[in-house]
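Engineer: Take a look at the following structure, please.
The values are calculated or read from the model by the stated rules, or taken from the named source; none is laboratory data. Just so it is clear, the structure is predicted and the values come from calculations on it, not from any experiment. A quick note on method: Cβ atoms are made from the backbone with ideal geometry, for glycine too, and the neighbour counts reach across all protein chains shown. Note: areas computed on protein heavy atoms with side chains; ligands, DNA, RNA excluded. Shrake-Rupley method; radii C 1.70, N 1.55, O 1.52, S 1.80 Å.
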Amino acid sequence: MQLYNKLSANERAELIKKAGKERLTLSFYKYARISNPQEFRDQLFIKWHSLDVLGRIYVATEGINAQLSLPADNFENFKMHLDSIDFLENVRLNIAVEQDNMSFLKLKVKVRDKIVADGLNDETFDVTNKGIHVNAEKFNDLIEDKNTVLVDMRNHYESEIGHFKNAVTPDVDTFRESLDIIEDDLKAHKEDKNLVMYCTGGIRCEKASAYFKHKGFKNVYQLEGGIIEYTRQVNEKALENKFIGKNFVFDERRAERISDDVIAQCHQCGEPCDTHVNCANDACHLLFIQCESCKTEMNNCCSSTCKDIHALPYEEQKALRKGQGNSNDIFKKGRADYLPYKKDLRNIFENLNQTQD
Ligand SMILES: [Zn+2]
Ligand SMILES: [Zn+2]
């Protein structure tokens, strides 16, 4: 019985093209007690492989976090399978705003310690005591309230290309870092301000809202279903869209365009641009923003050093990499001192301090 992915990304892309079928990209998560994650993982793999599901799925004793694509024709069967698992019955599915048949090219179902790398010791607080979930309409009202502090719970490379108007976007590489920064900056306002938070699909806010309540914040709110579900509701109900730019996503699409605004700039020349790429030098693979003309000039690389290495014959590149440890993680932290236009985001709660003056 096949329990692991056997095709390469290129082979898979060929198959998808040949099949010519529409695929649906979606995501969901659920915190639930899973006593045997490995067994659950194997069951999912067998069933989903048979339904031609591709994606990145994490299973842990604390639940499941899934981002995937599947042929639209198989959706009913897939949904029936989810509904047959008691804690996934009627789970909210976040359907991607921008569809792309090539969003995922492999099926990877992994057992992890956590479904989100949160760096937290869960024993210290009750994760089920979470913030108030709000829909898009209520969220729009709430963020106009002068007593609201709106916080983006994502990392710097995500909020750099898109965020809600007036949101604080902590300049962090990890979720864990942002928790401390936010708590510290807001410690005088645990009772008098509304702490409203959002993330891509809602999963990070589940933990963060419980964490901040545990830390004594009285009015904690989270955007239900994150930016993805917000956009769906805004379109469906013709609400005002308060999100500017692109929503960063963790698949081959890299991002979904939510508004026409381009709020970022090419890290190499400073021209307006919000397209993330990975440095073509396999030993580097840095995630950064690069415009078309820099892409041509730098041969898809982040620096002249990488450009030189990338131009070497493959065997020589391999020899250089020996013992250096290779990273194929396409979402490696996008920072490098030599990128002159990499912006520092706002760590300081400017809006809050303005209203105090
Ligand atoms: Zn450029
Ligand atoms: Zn590079």
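Engineer: Kindly provide the set of residues from the stretch 44-66 that are open to solvent by less than 40 Å² (accessible area, probe 1.4 Å), in a strand (DSSP E or B) and under 16 Å from V111 (Cβ atoms), ordered by number. I'd like the intermediate steps shown before the answer.
Structural biologist: Within the stretch 44-66, the first condition is being open to solvent by less than 40 Å² (accessible area, probe 1.4 Å), and the residues that meet it are 44-45, 48, 51, 53-55, 57, 59-60, 62-66.
Now restrict to residues that are in a strand (DSSP E or B): 54-55, 57, 59-60, 63-66.
Across the stretch 44-66, the qualifying residues are G55, I57, V59, A60, G63, I64, N65, A66.
Engineer: Which ones in the stretch 83-115 are open to solvent by 70 Å² or more (accessible area, probe 1.4 Å), free of Cβ contacts under 8 Å to residues at least 24 places away in the same chain and more than 22 Å from L3 (Cα to Cα)?
Structural biologist: Matches in the stretch 83-115: D86, E89, N90.
Engineer: Considering only residues of the stretch 255-279 that are of a type in the set (A, V, I, L, M) and more than 16 Å from ligand 2 (Cβ to nearest atom), which is farthest from R154 (Cα to Cα)?
Structural biologist: Among them, the one singled out is V262.
Engineer: State which residue is nearest to Y341 (Cα to Cα) when the search covers only the stretch 280-297 and only residues that are more than 9 Å from ligand 2 (Cβ to nearest atom) and touching a helix residue (DSSP H, G or I) at 6+ places or on another chain (Cβ under 8 Å).
Structural biologist: L287
Engineer: Here's another thing I want to ask about it. Quick one: how many residues across the stretch 259-291 are free of Cβ contacts under 8 Å to residues at least 12 places away in the same chain and either assigned to a loop (DSSP other than H, G, I, E, B) or within 8 Å of ligand 1 (Cβ to nearest atom) (or both)?
Structural biologist: Residues that pass the stated criteria total 1.
Engineer: Only one residue in D118, D141, D192, D145 is open to solvent by 70 Å² or more (accessible area, probe 1.4 Å), part of a loop (DSSP other than H, G, I, E, B), on the phi < 0 side of the Ramachandran plot and among the charged types (D, E, K, R). Which one?
Structural biologist: Only one candidate qualifies: D192.
Engineer: I've got another one for you. Taking the stretch 235-249, which residues are of a type in the set (A, V, I, L, M, F, W, C) and either open to solvent by less than 10 Å² (accessible area, probe 1.4 Å) or closer than 22 Å to K295 by Cα (or both)?
Structural biologist: Once the filter is applied, which keeps residues that are of a type in the set (A, V, I, L, M, F, W, C) and either open to solvent by less than 10 Å² (accessible area, probe 1.4 Å) or closer than 22 Å to K295 by Cα (or both), the stretch 235-249 yields F243, F248, V249.
Engineer: In the list T169, T128, which residue meets the criterion of being surrounded by fewer than 21 Cβ atoms within 10 Å (Cβ to Cβ), among the β-branched types (V, I, T) and at negative phi?
Structural biologist: T128
Engineer: What residue, of R41, R33, is closer than 29 Å to I227 by Cα, open to solvent by less than 30 Å² (accessible area, probe 1.4 Å) and not in a strand (DSSP E or B)?
Structural biologist: That would be R41, the only listed residue that is closer than 29 Å to I227 by Cα, open to solvent by less than 30 Å² (accessible area, probe 1.4 Å) and not in a strand (DSSP E or B).
Engineer: Look through the stretch 299-319, keep the residues that are in a helix (DSSP H, G or I) and surrounded by 14 or more Cβ atoms within 10 Å (Cβ to Cβ), and return whichever of them is farthest from ligand 2 (Cβ to nearest atom).
Structural biologist: Step by step, filter the stretch 299-319, then rank; the result is Q317.
Engineer: Here's something else I'd like to know. Consider only pairs whose beta carbons are under 6 Å apart and that are at least six residues apart or on different chains; among these, list those whose first residue lies in the stretch 214-238 and is more than 20 Å from I95 (Cβ to Cβ) and whose second residue is of a type in the set (D, E) and surrounded by fewer than 21 Cβ atoms within 10 Å (Cβ to Cβ).
Structural biologist: K215/E183; K218/E191
Engineer: Evaluate the following for D184: is it surrounded by fewer than 16 Cβ atoms within 10 Å (Cβ to Cβ), more than 19 Å from the chain's Cα centre (by Cα), of a type in the set (D, E) and more than 29 Å from F45 (Cβ to Cβ)?
Structural biologist: Considered against the rule, which asks whether it is surrounded by fewer than 16 Cβ atoms within 10 Å (Cβ to Cβ), more than 19 Å from the chain's Cα centre (by Cα), of a type in the set (D, E) and more than 29 Å from F45 (Cβ to Cβ), D184 comes out as yes.
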